[in-house]
Amino acid sequence: MTVMGTGYVGLVTGASLARLGHEVVCVDVNKDKIRLLKSGGMPIWEPGLEDIIRDAELEGLLDYSIDAAAAVSCSDAVFVTIGTPSSESGEADLSALWSAIYAITPMLPDDGLLIIKSTVPAGTCEQIEAYLRKRLPLSSRIAVAHNPEFLRQGSAVRDFLVPDRMIFGAANPETHNRLEEIYAPIQSPKIKCGLREAELIKCASNAFLAMKISYANMMSDLCDALGVSVDAVAEGIGLDRRIGSEFLRAGAGYGGSCFPKDLRALMALAEREHLDMELLKATEAINRRRVQVIRKKLESVFGGTLNGKHFTIYGLAFKPNTDDTRESPALKIYSMLQEAGGRITAYDPVVTCLPNLQIDLATDMYEAAAESDCVVIVTDWDQFRDLDWGRLRQLMRSPYILDARNMLDTAVMAANCERYGLHYMSLGRPSVTPDVPLTIG
Ligand code: UDX
(Lines give C-alpha, C1' and ligand atoms only; values in the text may rest on other atoms or scores of the structure.)
Protein backbone atom coordinates (compact mmCIF):
# COMPACT_ATOMS: atom_id res chain seq x y z
CA MET A 1 0.00 0.00 0.00
CA THR A 2 1.06 3.59 -0.55
CA VAL A 3 -0.30 6.32 1.71
CA MET A 4 0.03 9.80 0.22
CA GLY A 5 0.40 12.41 2.97
CA THR A 6 1.81 11.92 6.46
CA GLY A 7 -0.42 14.23 8.52
CA TYR A 8 -2.68 13.12 11.40
CA VAL A 9 -4.78 10.94 9.10
CA GLY A 10 -1.94 9.69 6.85
CA LEU A 11 0.34 8.50 9.62
CA VAL A 12 -2.47 6.82 11.58
CA THR A 13 -3.71 5.20 8.34
CA GLY A 14 -0.24 3.99 7.32
CA ALA A 15 0.64 2.55 10.71
CA SER A 16 -2.81 0.97 11.17
CA LEU A 17 -2.78 -0.65 7.70
CA ALA A 18 0.61 -2.11 8.60
CA ARG A 19 -0.97 -3.33 11.85
CA LEU A 20 -3.52 -5.15 9.70
CA GLY A 21 -0.61 -6.92 8.01
CA HIS A 22 -0.17 -4.82 4.87
CA GLU A 23 3.18 -3.57 3.59
CA VAL A 24 2.96 0.22 3.62
CA VAL A 25 5.03 3.14 2.32
CA CYS A 26 4.02 6.56 3.60
CA VAL A 27 4.87 9.26 1.06
CA ASP A 28 5.12 12.99 1.58
CA VAL A 29 6.48 15.92 -0.43
CA ASN A 30 7.88 17.38 2.79
CA LYS A 31 11.46 16.10 2.84
CA ASP A 32 12.03 17.20 6.45
CA LYS A 33 9.04 15.20 7.63
CA ILE A 34 10.20 12.07 5.81
CA ARG A 35 13.72 12.54 7.17
CA LEU A 36 12.31 12.92 10.70
CA LEU A 37 10.18 9.76 10.32
CA LYS A 38 13.09 7.76 8.90
CA SER A 39 15.27 8.83 11.82
CA GLY A 40 12.66 7.61 14.31
CA GLY A 41 11.10 11.01 15.05
CA MET A 42 7.37 11.74 15.43
CA PRO A 43 5.97 14.81 13.60
CA ILE A 44 2.74 14.71 15.61
CA TRP A 45 1.71 13.93 19.20
CA GLU A 46 -1.01 11.24 19.09
CA PRO A 47 -1.42 8.72 21.94
CA GLY A 48 -0.56 5.14 20.90
CA LEU A 49 0.64 6.09 17.43
CA GLU A 50 4.35 5.75 18.15
CA ASP A 51 3.85 2.21 19.49
CA ILE A 52 2.14 0.90 16.35
CA ILE A 53 4.65 2.75 14.16
CA ARG A 54 7.60 1.15 15.91
CA ASP A 55 5.99 -2.33 15.80
CA ALA A 56 5.29 -1.94 12.07
CA GLU A 57 8.82 -0.71 11.35
CA LEU A 58 10.29 -3.65 13.30
CA GLU A 59 8.22 -6.07 11.20
CA GLY A 60 9.45 -4.31 8.05
CA LEU A 61 5.85 -3.37 7.16
CA LEU A 62 6.21 0.41 7.27
CA ASP A 63 8.58 2.71 5.43
CA TYR A 64 8.67 6.35 4.33
CA SER A 65 9.63 7.97 1.06
CA ILE A 66 9.51 11.20 -0.93
CA ASP A 67 9.50 9.17 -4.15
CA ALA A 68 5.78 8.77 -4.88
CA ALA A 69 6.43 7.24 -8.31
CA ALA A 70 8.49 4.36 -6.97
CA ALA A 71 6.00 3.66 -4.16
CA VAL A 72 2.84 3.92 -6.29
CA SER A 73 4.14 1.85 -9.21
CA CYS A 74 4.34 -1.28 -7.05
CA SER A 75 1.24 -0.77 -4.90
CA ASP A 76 -2.00 -2.76 -4.97
CA ALA A 77 -3.75 0.29 -3.49
CA VAL A 78 -2.89 3.96 -3.05
CA PHE A 79 -4.54 5.85 -0.17
CA VAL A 80 -4.76 9.63 -0.54
CA THR A 81 -4.78 11.30 2.88
CA ILE A 82 -3.81 14.80 1.79
CA GLY A 83 -5.25 17.81 3.61
CA THR A 84 -8.21 19.65 2.06
CA PRO A 85 -8.28 22.89 4.11
CA SER A 86 -10.83 25.68 3.73
CA SER A 87 -10.22 28.23 1.00
CA GLU A 88 -11.25 31.88 1.42
CA SER A 89 -14.71 31.13 0.04
CA GLY A 90 -15.21 28.29 2.55
CA GLU A 91 -14.95 25.70 -0.23
CA ALA A 92 -12.48 22.88 0.29
CA ASP A 93 -9.09 23.70 -1.23
CA LEU A 94 -8.31 20.57 -3.28
CA SER A 95 -5.14 21.91 -4.91
CA ALA A 96 -2.72 19.74 -2.92
CA LEU A 97 -4.90 16.68 -3.51
CA TRP A 98 -5.08 17.26 -7.26
CA SER A 99 -1.35 17.88 -7.60
CA ALA A 100 -0.74 14.53 -5.93
CA ILE A 101 -3.23 12.87 -8.32
CA TYR A 102 -1.55 14.49 -11.36
CA ALA A 103 1.87 13.39 -10.11
CA ILE A 104 1.03 9.72 -9.51
CA THR A 105 -1.40 9.03 -12.39
CA PRO A 106 1.26 7.91 -14.90
CA MET A 107 2.60 5.43 -12.34
CA LEU A 108 -0.71 3.91 -11.24
CA PRO A 109 -0.65 0.16 -11.93
CA ASP A 110 -3.21 -1.04 -14.52
CA ASP A 111 -5.23 -2.97 -11.96
CA GLY A 112 -4.54 -0.52 -9.13
CA LEU A 113 -6.98 0.96 -6.64
CA LEU A 114 -6.96 4.67 -5.80
CA ILE A 115 -8.63 5.21 -2.42
CA ILE A 116 -9.46 8.83 -1.53
CA LYS A 117 -9.53 9.13 2.25
CA SER A 118 -9.28 12.93 2.36
CA THR A 119 -12.50 14.76 3.14
CA VAL A 120 -13.78 16.03 -0.24
CA PRO A 121 -17.01 17.65 -1.48
CA ALA A 122 -19.54 15.26 -3.02
CA GLY A 123 -18.69 14.68 -6.67
CA THR A 124 -14.90 14.98 -6.32
CA CYS A 125 -14.15 11.26 -6.67
CA GLU A 126 -16.18 11.10 -9.88
CA GLN A 127 -14.08 14.00 -11.21
CA ILE A 128 -10.93 12.07 -10.29
CA GLU A 129 -12.31 8.97 -12.02
CA ALA A 130 -13.07 11.02 -15.18
CA TYR A 131 -9.57 12.49 -15.12
CA LEU A 132 -7.97 9.04 -14.89
CA ARG A 133 -10.12 7.75 -17.77
CA LYS A 134 -8.87 10.62 -19.89
CA ARG A 135 -5.23 10.28 -18.93
CA LEU A 136 -4.77 6.50 -18.78
CA PRO A 137 -4.89 3.97 -21.64
CA LEU A 138 -8.30 2.42 -22.35
CA SER A 139 -6.94 -0.89 -21.10
CA SER A 140 -6.41 0.55 -17.62
CA ARG A 141 -8.69 -1.01 -15.04
CA ILE A 142 -7.74 1.44 -12.30
CA ALA A 143 -10.61 1.89 -9.82
CA VAL A 144 -11.39 4.86 -7.58
CA ALA A 145 -12.95 4.50 -4.12
CA HIS A 146 -13.86 6.86 -1.31
CA ASN A 147 -13.13 5.65 2.22
CA PRO A 148 -13.65 8.55 4.65
CA GLU A 149 -12.15 8.40 8.12
CA PHE A 150 -13.86 9.32 11.39
CA LEU A 151 -10.70 9.65 13.47
CA ARG A 152 -10.83 11.89 16.54
CA GLN A 153 -7.50 13.38 17.47
CA GLY A 154 -6.43 11.91 20.78
CA SER A 155 -8.12 8.56 20.02
CA ALA A 156 -7.26 8.25 16.30
CA VAL A 157 -5.53 4.84 16.49
CA ARG A 158 -8.45 3.27 18.36
CA ASP A 159 -10.96 4.98 16.06
CA PHE A 160 -9.15 3.47 13.03
CA LEU A 161 -8.82 -0.08 14.35
CA VAL A 162 -12.18 -0.22 16.17
CA PRO A 163 -14.45 2.13 14.16
CA ASP A 164 -18.22 2.45 14.72
CA ARG A 165 -18.59 1.77 11.01
CA MET A 166 -16.58 1.80 7.79
CA ILE A 167 -17.80 3.57 4.68
CA PHE A 168 -16.84 2.02 1.31
CA GLY A 169 -17.78 4.35 -1.54
CA ALA A 170 -17.29 2.86 -5.01
CA ALA A 171 -18.90 2.64 -8.45
CA ASN A 172 -19.06 -1.17 -8.58
CA PRO A 173 -19.17 -4.30 -6.37
CA GLU A 174 -15.65 -5.42 -7.36
CA THR A 175 -14.19 -2.26 -5.85
CA HIS A 176 -16.36 -2.64 -2.74
CA ASN A 177 -14.94 -6.17 -2.38
CA ARG A 178 -11.35 -4.97 -2.73
CA LEU A 179 -11.91 -2.49 0.12
CA GLU A 180 -13.48 -5.26 2.18
CA GLU A 181 -10.37 -7.38 1.60
CA ILE A 182 -8.01 -4.62 2.71
CA TYR A 183 -9.95 -4.16 5.95
CA ALA A 184 -10.85 -7.84 6.47
CA PRO A 185 -9.43 -8.05 10.04
CA ILE A 186 -11.68 -5.17 11.20
CA GLN A 187 -15.07 -6.51 12.36
CA SER A 188 -17.05 -3.22 12.40
CA PRO A 189 -20.16 -2.73 10.17
CA LYS A 190 -19.12 -1.95 6.56
CA ILE A 191 -21.45 0.28 4.54
CA LYS A 192 -21.12 -0.13 0.77
CA CYS A 193 -22.46 2.83 -1.17
CA GLY A 194 -21.76 5.09 -4.12
CA LEU A 195 -18.90 7.59 -4.28
CA ARG A 196 -21.08 10.66 -3.67
CA GLU A 197 -22.96 9.07 -0.80
CA ALA A 198 -19.64 8.23 0.87
CA GLU A 199 -18.37 11.80 0.39
CA LEU A 200 -21.58 13.25 1.80
CA ILE A 201 -21.72 10.84 4.76
CA LYS A 202 -18.39 12.19 6.02
CA CYS A 203 -19.34 15.90 5.89
CA ALA A 204 -22.89 15.26 7.09
CA SER A 205 -21.50 13.29 10.06
CA ASN A 206 -19.16 16.06 11.17
CA ALA A 207 -21.77 18.76 10.60
CA PHE A 208 -24.26 16.85 12.76
CA LEU A 209 -21.73 16.44 15.59
CA ALA A 210 -20.91 20.16 15.43
CA MET A 211 -24.65 20.93 15.47
CA LYS A 212 -25.08 18.85 18.63
CA ILE A 213 -22.34 20.85 20.32
CA SER A 214 -23.88 24.17 19.28
CA TYR A 215 -27.28 22.94 20.45
CA ALA A 216 -25.75 22.23 23.90
CA ASN A 217 -24.09 25.64 23.92
CA MET A 218 -27.33 27.37 22.91
CA MET A 219 -29.15 25.59 25.77
CA SER A 220 -26.37 26.52 28.19
CA ASP A 221 -27.04 30.22 27.54
CA LEU A 222 -30.71 29.67 28.43
CA CYS A 223 -29.66 27.67 31.51
CA ASP A 224 -27.43 30.56 32.59
CA ALA A 225 -30.39 32.95 32.27
CA LEU A 226 -32.74 30.64 34.17
CA GLY A 227 -30.19 29.61 36.83
CA VAL A 228 -30.43 25.89 36.01
CA SER A 229 -27.68 23.39 35.19
CA VAL A 230 -27.02 22.51 31.56
CA ASP A 231 -25.42 19.29 32.87
CA ALA A 232 -28.84 18.13 34.08
CA VAL A 233 -30.52 19.11 30.80
CA ALA A 234 -27.81 17.39 28.70
CA GLU A 235 -28.03 14.24 30.84
CA GLY A 236 -31.82 14.23 30.73
CA ILE A 237 -32.08 14.53 26.94
CA GLY A 238 -28.98 12.44 26.20
CA LEU A 239 -30.42 9.32 27.84
CA ASP A 240 -32.94 9.20 25.02
CA ARG A 241 -31.37 6.71 22.60
CA ARG A 242 -32.59 8.83 19.69
CA ILE A 243 -30.49 11.74 20.96
CA GLY A 244 -27.47 10.10 22.64
CA SER A 245 -25.39 11.77 25.33
CA GLU A 246 -22.16 12.25 23.40
CA PHE A 247 -21.25 15.67 22.01
CA LEU A 248 -23.67 17.51 24.27
CA ARG A 249 -20.98 19.09 26.48
CA ALA A 250 -21.44 22.86 26.62
CA GLY A 251 -18.32 24.98 26.81
CA ALA A 252 -16.00 27.16 24.78
CA GLY A 253 -17.22 25.59 21.53
CA TYR A 254 -15.65 23.32 18.94
CA GLY A 255 -12.31 23.90 17.24
CA GLY A 256 -9.95 21.66 15.32
CA SER A 257 -9.17 21.20 11.65
CA CYS A 258 -12.34 19.26 10.82
CA PHE A 259 -15.63 20.61 12.17
CA PRO A 260 -15.11 24.25 11.08
CA LYS A 261 -13.73 23.22 7.68
CA ASP A 262 -16.33 20.54 6.91
CA LEU A 263 -19.22 22.81 7.89
CA ARG A 264 -17.93 25.56 5.58
CA ALA A 265 -17.38 23.09 2.73
CA LEU A 266 -20.88 21.61 3.12
CA MET A 267 -22.48 25.07 3.11
CA ALA A 268 -20.44 26.06 0.06
CA LEU A 269 -21.50 22.86 -1.74
CA ALA A 270 -25.16 23.49 -0.89
CA GLU A 271 -24.88 27.11 -2.02
CA ARG A 272 -23.76 25.89 -5.43
CA GLU A 273 -27.03 23.97 -5.53
CA HIS A 274 -28.87 27.14 -4.43
CA LEU A 275 -29.78 25.54 -1.10
CA ASP A 276 -29.57 27.40 2.20
CA MET A 277 -28.27 25.23 5.06
CA GLU A 278 -29.79 27.34 7.85
CA LEU A 279 -29.08 24.77 10.57
CA LEU A 280 -25.37 24.78 9.69
CA LYS A 281 -25.25 28.58 9.57
CA ALA A 282 -26.78 28.69 13.03
CA THR A 283 -24.34 26.02 14.22
CA GLU A 284 -21.43 28.18 13.09
CA ALA A 285 -22.88 31.41 14.47
CA ILE A 286 -23.49 29.89 17.93
CA ASN A 287 -19.96 28.50 17.96
CA ARG A 288 -18.48 31.86 16.94
CA ARG A 289 -20.39 33.61 19.76
CA ARG A 290 -18.87 31.45 22.55
CA VAL A 291 -16.00 33.95 22.92
CA GLN A 292 -18.46 36.78 23.62
CA VAL A 293 -20.36 34.61 26.13
CA ILE A 294 -17.06 34.06 27.93
CA ARG A 295 -16.20 37.76 27.73
CA LYS A 296 -19.54 38.72 29.34
CA LYS A 297 -19.05 36.13 32.08
CA LEU A 298 -15.64 37.66 32.89
CA GLU A 299 -16.86 41.25 32.69
CA SER A 300 -19.59 40.38 35.21
CA VAL A 301 -16.99 39.85 37.92
CA PHE A 302 -14.58 42.59 36.87
CA GLY A 303 -17.00 45.47 36.95
CA GLY A 304 -17.63 45.49 33.21
CA THR A 305 -14.04 45.87 31.98
CA LEU A 306 -11.15 43.45 31.50
CA ASN A 307 -8.65 46.19 30.88
CA GLY A 308 -5.47 45.81 32.96
CA LYS A 309 -6.49 42.46 34.40
CA HIS A 310 -4.10 39.50 34.28
CA PHE A 311 -5.56 36.28 32.84
CA THR A 312 -4.13 32.79 32.82
CA ILE A 313 -5.32 30.55 29.97
CA TYR A 314 -5.17 26.85 30.86
CA GLY A 315 -5.01 24.86 27.61
CA LEU A 316 -4.16 25.89 24.03
CA ALA A 317 -4.84 22.66 22.07
CA PHE A 318 -8.35 22.53 20.54
CA LYS A 319 -9.07 19.49 22.75
CA PRO A 320 -7.12 17.34 25.21
CA ASN A 321 -4.65 14.62 24.12
CA THR A 322 -3.45 16.44 21.04
CA ASP A 323 -0.89 19.14 20.22
CA ASP A 324 -3.13 20.57 17.49
CA THR A 325 -4.15 24.22 17.99
CA ARG A 326 -5.93 24.65 14.64
CA GLU A 327 -9.04 26.82 15.16
CA SER A 328 -8.61 26.29 18.89
CA PRO A 329 -11.12 28.29 21.00
CA ALA A 330 -8.17 29.13 23.28
CA LEU A 331 -6.57 31.24 20.55
CA LYS A 332 -9.85 33.13 20.00
CA ILE A 333 -10.20 33.74 23.73
CA TYR A 334 -6.58 34.91 23.83
CA SER A 335 -7.24 37.50 21.09
CA MET A 336 -10.44 38.67 22.81
CA LEU A 337 -8.65 39.18 26.14
CA GLN A 338 -5.76 40.96 24.41
CA GLU A 339 -8.15 43.30 22.57
CA ALA A 340 -9.90 44.00 25.88
CA GLY A 341 -6.60 45.17 27.38
CA GLY A 342 -5.91 42.07 29.43
CA ARG A 343 -2.44 40.72 30.18
CA ILE A 344 -2.27 36.98 29.42
CA THR A 345 -0.11 34.04 30.41
CA ALA A 346 -0.92 30.66 28.87
CA TYR A 347 -0.06 27.10 29.83
CA ASP A 348 -0.63 23.83 27.95
CA PRO A 349 0.85 20.45 28.97
CA VAL A 350 1.72 19.52 25.37
CA VAL A 351 1.62 22.70 23.26
CA THR A 352 4.92 24.28 24.23
CA CYS A 353 5.45 26.64 21.32
CA LEU A 354 3.25 28.72 19.01
CA PRO A 355 5.77 30.10 16.49
CA ASN A 356 3.53 32.64 14.77
CA LEU A 357 1.95 34.04 17.95
CA GLN A 358 3.54 36.19 20.66
CA ILE A 359 1.91 34.31 23.54
CA ASP A 360 3.58 34.37 26.98
CA LEU A 361 3.81 30.60 27.49
CA ALA A 362 4.57 29.30 31.00
CA THR A 363 6.25 25.93 31.46
CA ASP A 364 4.54 25.26 34.81
CA MET A 365 0.80 25.57 35.43
CA TYR A 366 1.23 27.13 38.87
CA GLU A 367 3.78 29.67 37.67
CA ALA A 368 1.30 30.55 34.91
CA ALA A 369 -1.18 31.64 37.61
CA ALA A 370 1.24 33.91 39.55
CA GLU A 371 -0.35 37.33 40.10
CA SER A 372 -3.31 36.29 37.95
CA ASP A 373 -6.78 37.79 38.39
CA CYS A 374 -8.52 34.88 36.68
CA VAL A 375 -7.62 31.40 35.48
CA VAL A 376 -9.65 30.47 32.38
CA ILE A 377 -9.69 26.71 31.71
CA VAL A 378 -10.22 26.34 27.94
CA THR A 379 -8.93 22.83 27.20
CA ASP A 380 -10.17 20.01 29.45
CA TRP A 381 -6.77 18.37 29.99
CA ASP A 382 -6.77 15.91 32.88
CA GLN A 383 -3.97 17.94 34.49
CA PHE A 384 -6.56 20.61 35.38
CA ARG A 385 -8.88 18.21 37.20
CA ASP A 386 -7.13 17.97 40.54
CA LEU A 387 -5.22 21.18 40.93
CA ASP A 388 -3.78 22.22 44.32
CA TRP A 389 -6.42 24.94 44.73
CA GLY A 390 -4.89 26.30 47.93
CA ARG A 391 -1.54 26.78 46.23
CA LEU A 392 -3.22 28.31 43.22
CA ARG A 393 -5.17 30.80 45.35
CA GLN A 394 -2.01 31.90 47.15
CA LEU A 395 -0.30 32.57 43.83
CA MET A 396 -3.20 34.51 42.34
CA ARG A 397 -3.92 38.19 42.84
CA SER A 398 -7.73 37.73 42.61
CA PRO A 399 -9.74 34.55 43.25
CA TYR A 400 -11.50 33.92 39.93
CA ILE A 401 -11.65 30.60 38.07
CA LEU A 402 -13.66 30.34 34.84
CA ASP A 403 -14.07 26.71 33.78
CA ALA A 404 -14.96 27.24 30.09
CA ARG A 405 -15.25 23.48 29.56
CA ASN A 406 -17.51 22.74 32.55
CA MET A 407 -14.94 20.04 33.31
CA LEU A 408 -14.95 20.40 37.11
CA ASP A 409 -17.62 19.07 39.45
CA THR A 410 -19.65 21.99 40.86
CA ALA A 411 -20.10 20.37 44.29
CA VAL A 412 -16.36 19.76 44.63
CA MET A 413 -15.63 23.29 43.50
CA ALA A 414 -18.15 24.75 45.96
CA ALA A 415 -16.16 23.09 48.77
CA ASN A 416 -12.86 24.31 47.34
CA CYS A 417 -14.21 27.86 47.01
CA GLU A 418 -15.39 27.81 50.61
CA ARG A 419 -12.06 26.47 51.82
CA TYR A 420 -9.66 28.58 49.76
CA GLY A 421 -11.72 31.71 49.07
CA LEU A 422 -12.00 31.06 45.34
CA HIS A 423 -14.79 32.22 43.02
CA TYR A 424 -15.61 29.45 40.54
CA MET A 425 -17.64 30.08 37.40
CA SER A 426 -18.64 27.87 34.47
CA LEU A 427 -21.02 28.07 31.49
CA GLY A 428 -24.70 27.22 31.88
CA ARG A 429 -24.33 26.06 35.47
CA PRO A 430 -25.43 27.99 38.58
CA SER A 431 -22.67 29.81 40.47
CA VAL A 432 -21.31 27.74 43.36
CA THR A 433 -19.58 30.55 45.19
CA PRO A 434 -21.10 32.57 47.98
CA ASP A 435 -20.39 36.22 47.17
CA VAL A 436 -16.72 36.56 48.07
CA PRO A 437 -15.35 40.05 48.75
CA LEU A 438 -13.47 41.29 45.72
CA THR A 439 -9.75 41.17 46.49
CA ILE A 440 -8.42 42.63 43.28
CA GLY A 441 -4.88 43.65 44.04
C1 UDX B 1 -13.82 15.25 14.75
C2 UDX B 1 -14.81 14.11 14.60
O3 UDX B 1 -15.22 13.68 15.90
C4 UDX B 1 -14.14 12.96 13.86
O5 UDX B 1 -15.08 11.91 13.66
C6 UDX B 1 -13.63 13.47 12.51
O7 UDX B 1 -12.98 12.44 11.79
C8 UDX B 1 -12.67 14.62 12.72
O9 UDX B 1 -13.30 15.66 13.46
P10 UDX B 1 -11.80 15.89 16.28
O11 UDX B 1 -11.91 17.19 15.56
O12 UDX B 1 -10.46 15.25 16.40
O13 UDX B 1 -12.76 14.81 15.55
O14 UDX B 1 -12.30 16.13 17.75
P15 UDX B 1 -13.69 15.94 18.53
O16 UDX B 1 -13.43 15.04 19.65
O17 UDX B 1 -14.77 15.61 17.60
O18 UDX B 1 -13.94 17.42 19.13
C19 UDX B 1 -14.04 18.51 18.22
C20 UDX B 1 -14.22 19.77 19.05
O21 UDX B 1 -15.50 19.76 19.69
C22 UDX B 1 -13.18 19.96 20.16
O23 UDX B 1 -12.79 21.34 20.20
C24 UDX B 1 -13.96 19.61 21.43
O25 UDX B 1 -13.48 20.33 22.56
C26 UDX B 1 -15.36 20.07 21.07
N27 UDX B 1 -16.44 19.37 21.79
C28 UDX B 1 -16.56 18.02 21.64
C29 UDX B 1 -17.33 20.10 22.56
O30 UDX B 1 -17.21 21.31 22.69
N31 UDX B 1 -18.35 19.45 23.18
C32 UDX B 1 -18.51 18.10 23.07
O33 UDX B 1 -19.44 17.56 23.68
C34 UDX B 1 -17.59 17.36 22.28
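The single residue among 195, 248 that is more than 18 Å from residue 426 (Cβ to Cβ), touching a residue at least 12 places away in the same chain (Cβ under 8 Å) and either open to solvent by less than 70 Å² (accessible area, probe 1.4 Å) or within 15 Å of the ligand (Cβ to nearest atom) (or both) turns out to be 195. Restricting attention to segment 119-164, the residues that are within 11 Å of the ligand (Cβ to nearest atom) and either at pLDDT below 95 or part of a loop (DSSP other than H, G, I, E, B) (or both) total 11.
Here segment 76-117 is the region considered, the condition is being open to solvent by less than 10 Å² (accessible area, probe 1.4 Å) and among the small types (Gly, Ala, Ser), and the residue that is nearest to the ligand (Cβ to nearest atom) is 90.
Determine whether residue 178 is over 30 Å from residue 290 (Cα atoms), more than 10 Å from the ligand (Cβ to nearest atom) and either open to solvent by 10 Å² or more (accessible area, probe 1.4 Å) or not in a helix (DSSP H, G or I) (or both). Against the criterion (over 30 Å from residue 290 (Cα atoms), more than 10 Å from the ligand (Cβ to nearest atom) and either open to solvent by 10 Å² or more (accessible area, probe 1.4 Å) or not in a helix (DSSP H, G or I) (or both)), residue 178 qualifies. Within segment 55-75, the residues that satisfy the criterion of being in a helix (DSSP H, G or I), open to solvent by less than 60 Å² (accessible area, probe 1.4 Å) and farther than 13 Å from residue 13 by Cα are 57, 68, 69, 70, 71, 72. Between 389, 381, the distinction of being out of contact with any strand residue (DSSP E or B) (no Cβ under 8 Å at 6 or more places or on another chain), assigned by TED's automatic domain parsing to the domain that holds residue 297 and either open to solvent by 10 Å² or more (accessible area, probe 1.4 Å) or within 16 Å of the ligand (Cβ to nearest atom) (or both) belongs to 389 only. Scanning for something under 21 Å from residue 319 (Cβ atoms), of a type outside the set (A, V, I, L, M) and either open to solvent by less than 30 Å² (accessible area, probe 1.4 Å) or within 12 Å of the ligand (Cβ to nearest atom) (or both), does segment 220-230 turn up at least one residue? Taking every residue of segment 220-230 in turn, at least one turns out to be under 21 Å from residue 319 (Cβ atoms), of a type outside the set (A, V, I, L, M) and either open to solvent by less than 30 Å² (accessible area, probe 1.4 Å) or within 12 Å of the ligand (Cβ to nearest atom) (or both).
Scanning segment 392-430 for residues that are away from the ligand (no atom under 16 Å from the Cβ), open to solvent by 20 Å² or more (accessible area, probe 1.4 Å) and in contact with a helix residue (DSSP H, G or I) (Cβ under 9 Å, 6 or more places away or on another chain) returns 393, 394, 395, 410, 416, 419, 420, 421, 423, 430.
The values are calculated or read from the model by the stated rules, or taken from the named source; none is laboratory data. For clarity, every value in this text was computed on a predicted model and none was experimentally measured. So basically every Cβ, Gly included, is an ideal-geometry build from the backbone, and we count neighbours across all protein chains shown. These area figures cover heavy atoms from the full protein model, side chains too; ligands, DNA and RNA do not enter into them. Shrake-Rupley method; radii C 1.70, N 1.55, O 1.52, S 1.80 Å.
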